[in-house]
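Participant: Have a look at the structure that comes next, please.
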Amino acid sequence: MAGRTPGVRVIAAALVGASLLLPGCAATPYEWRHDNQWDSRKQIWLSEESQVRLRAAQSRVFDTTDRRRTIEAVVATMQDLGFMVAFLDEELGIVAGKKFEPLERPSIGTDPFYHLYNDTSLLIFTRSYRSWGPFWHRSDLVRLMITVRRRNESQLVVRASAQYYLRAVEDPVPYQKFFHTLEQALVLQGQLVQ
Amino acid sequence: MLQGCVAPKPSQDLLAPTEAQMKLRSVQTRTFDVKDRQLAMRGVIAALQDLGFIIERANEPLGLVTAARFAEPNYYDVVGVTVTVRQDTAERLTIRANAIYNNKPIDDPKVYQNFFATLERSLFITRE
Amino acid sequence: MQTRLFETRDETELLSASAAVLQDLGFQVEESAPETGFLRATKERSAREYGQDITRALVAIVTIPLTLFRSGPIIIPVDLHQKIAAVLIARPINPESTRHEVRIMFYRVVWKGDGIAGESAIPPGMQSMEMLRDPVLYQQFFAKLSKAVFLEAFTL
């Protein structure tokens, strides 16, 4: 976005505005709910400041060295929260899960494609567009990943990161609530990093 | 060749290997004097990466590596490879590679020669 | 560009730190095989771009007259969803396993939304794939990784 003159942006805004006014336009409200940008490759990064802010909100330090018990508590917590644990690696201390929230419900009736959904086929090399869920329901995917890493001789650091509606969750409150549930499962109090 | 409205019947040889397939198999297979299967698998992975493939799966217990590559600049096509590493004897193992372009098997021997040449190099580097 | 070397024996730590760096960038780990040093992480994001909206609007405006022949305006599909993936492999490169190589590849798959051409609708989901080859991307990833493992990353 940097380096573009304001003039170009005004014209762009006018054209985008014009496209919205077109009758019978394919630009459905569904499309507008997605972030717009100049270069979609930039999505590979999160900005540095949101990385720092997120790291603090997403991490808690626990006074334990029992990785196994911590991972078990993480799995239990994720199941309590309705996430299907899709990935677990004890050696690396990673747990990842997903769930589907019916965010894109059709206004009338049900979408038959939703029932044909095969969520085990989320692999990337498929030539069928049904591979990642029915098209209009792809944004329903909620993902949560927890890493458990050794911090020092007596502490572990647990970090949670979530994805919702094709965005990273940056609000600290959901993470606070997650750690609250995890603390109950662990019967241990977590502390903020530093 | 289909006559009228009759559905095509499978030929008796549907599940029998053709001569071309047998020839392809020998092109796709090499034996190596390597003892450590895990080492060989890592070599296979490195060779595939050197050839620009993205590793999809690397299953050590089964000795199976699957990888794919976008047929750039053609953004819609995929080249896929499945490599199996099988221990024959304590001293030798067999490596077999199968490559497909979208759904069509690649039968050009050059492709496989190229893969095995890269594999030999990467196995050699790991052993020093 | 995709490869760096680290003077370490601890491959598990390299993989675990890599996962942490990817988590920092919003990726979610999808698959791993520590015995072969393999890790894949992905994230789904919006792929909309202003530029494509502008092109679509222009095409639509230009093709409005086709309405007279009941075949306009043409609405071309634009990018809507993308899945960004990172595949990482760590492996020892000397017989004593004191030195490890880490290789990472970033790529993405982009799906288009729907559109209209004449009287028929274009279904959504047209897919395209590409490797991400921006050197800065790889440099920054390895800078973060060497910070996380407290080791210098180097190339030969």
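Just so it is clear, none of the values below were taken in a lab; they were calculated from the coordinates. Remember, it's a predicted structure, so these values are computed and weren't measured experimentally. Methodologically, a virtual Cβ is constructed for each residue, glycine included, from the backbone with ideal geometry; neighbour enumeration extends over all protein chains shown.
Participant: Compute the angle between helix C:135-149 and the longest alpha-carbon principal axis of chain C, please, reported from 0 to 90 degrees and rounded to the nearest 10.
Facilitator: Roughly 40 degrees between the two axes.
Participant: Can you list residues from other chains, or at least 5 along the same chain, whose modelled amide H is less than 5 Å from the amide H of B:D77?
Facilitator: Here the answer is B:A71, since their amide H atoms fall under 5 Å of that of B:D77.
Participant: Only helical DSSP H runs with n ≥ 4 go in: add -39500 (n - 2.57) per run for the protein assembly as shown, normalise by residue count and round the 222 nm mean residue ellipticity to 500 deg cm²/dmol. Each step should come with its number before you reach the end.
Facilitator: Values: 12 runs with 149 residues, N = 478.
Roughly -10000 deg cm²/dmol at 222 nm, from the helical runs in the protein assembly as shown.
Participant: Within a 10 angstrom radius of each residue's Cβ in A:50-56, how many Cβ atoms of other chains show up on average? Whole number is fine. Don't skip to the answer; put the middle values down first.
Facilitator: Working: counts 1, 4, 1, 0, 3, 3, 0.
Mean inter-chain Cβ contacts per residue within 10 Å come to 2.
Participant: How high is the relative contact order of chain B, given as a whole-number percent (alpha carbon pairs under 8 Å, six or more residues apart)?
Facilitator: So the answer I get is 26 percent.
Participant: Please give the FRET efficiency for C:I61 paired with A:K42, using the beta carbon to beta carbon distance and R0 = 25 Å, rounded to the nearest 0.05.
Facilitator: 0.35
Participant: Also, quick follow-up: Enter the angle in degrees (range 0 to 90, nearest 10) between the Cα long axis of helix C:50-62 and the first principal axis of the Cα atoms of chain C, meaning the one along which they spread out most.
Facilitator: Around 20 degrees separate the two axes.
Participant: Oh, and also: Quick one: Cα convex hull volume of chain B, Å³ per residue?
Facilitator: Output value, Cα hull per residue: 154 Å³.
Participant: Past 31 Å, Cα to Cα: identify those pairs from B:K110/C:K112; B:K35/C:K83; A:K177/C:K43, in the order given.
Facilitator: Cα-Cα > 31 Å for B:K110/C:K112; B:K35/C:K83; rest within.
Participant: Mind putting a number on the dipole of chain B about its Cα centre? Charges go on the C-beta only, +1 for Lys and Arg and -1 for Asp and Glu, and I need it in Debye to the nearest 20.
Facilitator: Values: 16 positive and 15 negative charges, 36 e Å.
About 180 debye.
Participant: Starting with the fewest neighbours, write out C:R133, B:R69, A:R167 ranked by other beta-carbon atoms found within 10 Å of each beta-carbon.
Facilitator: Listing C:R133, B:R69, A:R167 from fewest to most nearby Cβ atoms yields C:R133, A:R167, B:R69.
Participant: Assign unit charges at the C-beta atoms only (+1 for Lys and Arg, -1 for Asp and Glu), then state the dipole size of the stretch C:1-93 relative to its Cα centre in Debye, rounded to the nearest 20. Intermediate results must be reported in sequence, preceding the final value.
Facilitator: Numbers: 10 positive and 12 negative charges, 115 e Å.
That gives the stretch C:1-93 a dipole magnitude of about 560 debye.
Participant: Next question, about the same structure. Would you mind computing, in nm to one decimal, how far apart the modelled labels at C:L68 and A:A76 are, each placed 7 Å from Cα along Cα→Cβ?
Facilitator: 7.5 nm
Participant: Can you give the mean number of other chain Cβ atoms that lie within 10 Å of the Cβ atoms in peptide A:139-145?
Facilitator: Mean partner shielding for this stretch: 3.
Participant: Right, something else. Label points 7 Å out from Cα along the Cβ direction at A:T64 and B:N102: separation in nm?
Facilitator: So the label points at A:T64 and B:N102 sit 5.3 nm apart.
Participant: With charges only on Cβ, +1 for K and R and -1 for D and E, what is the dipole size of the protein assembly as shown about its Cα centre, in debye, rounded to 20?
Facilitator: The dipole of the protein assembly as shown has a size of about 460 debye.
Participant: For the stretch C:1-127, what is the Kirkwood estimate of the hydrodynamic radius, computed as the reciprocal of the mean inverse distance between distinct Cα atoms, to one decimal in Å? Please report the intermediate quantities before stating the final value.
Facilitator: Values: mean 1/r = 0.0566 Å⁻¹.
When all Cα pairs of the stretch C:1-127 are included, the Kirkwood radius is 17.7 Å.
Participant: Anyone know which of C:Y50, C:Y138, C:Y107 comes out most mobile in the 10 Å Cα GNM of chain C?
Facilitator: Its mean-square fluctuation being the largest, the pick is C:Y50.
Participant: Here's a follow-up. Could you compute Rg(Cα) / (2.2 N^0.38 Å) for the protein assembly as shown, with N its residue count?
Facilitator: In units of the 2.2 N^0.38 Å rule of thumb, it is 1.10.
Participant: Next up: With N denoting the number of residues in the stretch B:1-46, provide Rg(C-alpha) divided by 2.2 N^0.38 Å, to two decimal places.
Facilitator: Numbers: Rg = 19.8 Å, N = 46, 2.2 N^0.38 = 9.4 Å.
Relative to the 2.2 N^0.38 Å estimate, the stretch B:1-46 comes out at 2.10.
Participant: Another question about this same structure. Exposure proxy check: C:L15, B:L15 ranked by fewest other beta carbons within 10 Å?
Facilitator: If I rank by nearby Cβ atoms, fewest first, I get B:L15, C:L15.
Participant: Using only Cα atoms, find the angle between the long axis of helix B:19-28 and the longest principal axis of chain B, and express it within 0 to 90 degrees, rounded to the nearest 10.
Facilitator: The helix B:19-28 is inclined about 20 degrees to chain B.
Participant: Given the peptides A:154-164, B:43-53, arrange them by the average over their residues of other C-beta atoms within 10 Å, most packed first.
Facilitator: Those peptides, ordered most packed to least, come out B:43-53, A:154-164.
Participant: Let me ask something additional. Within 10 Å of each Cβ of C:89-97, how many other protein chain Cβ atoms are there on average?
Facilitator: Partner Cβ neighbours, averaged per residue: 4.
Participant: Neighbour counts of other C-beta atoms within 10 Å: give me A:R68, C:R9 arranged from fewest to most.
Facilitator: Starting with the residue having the fewest Cβ neighbours, the order is A:R68, C:R9.
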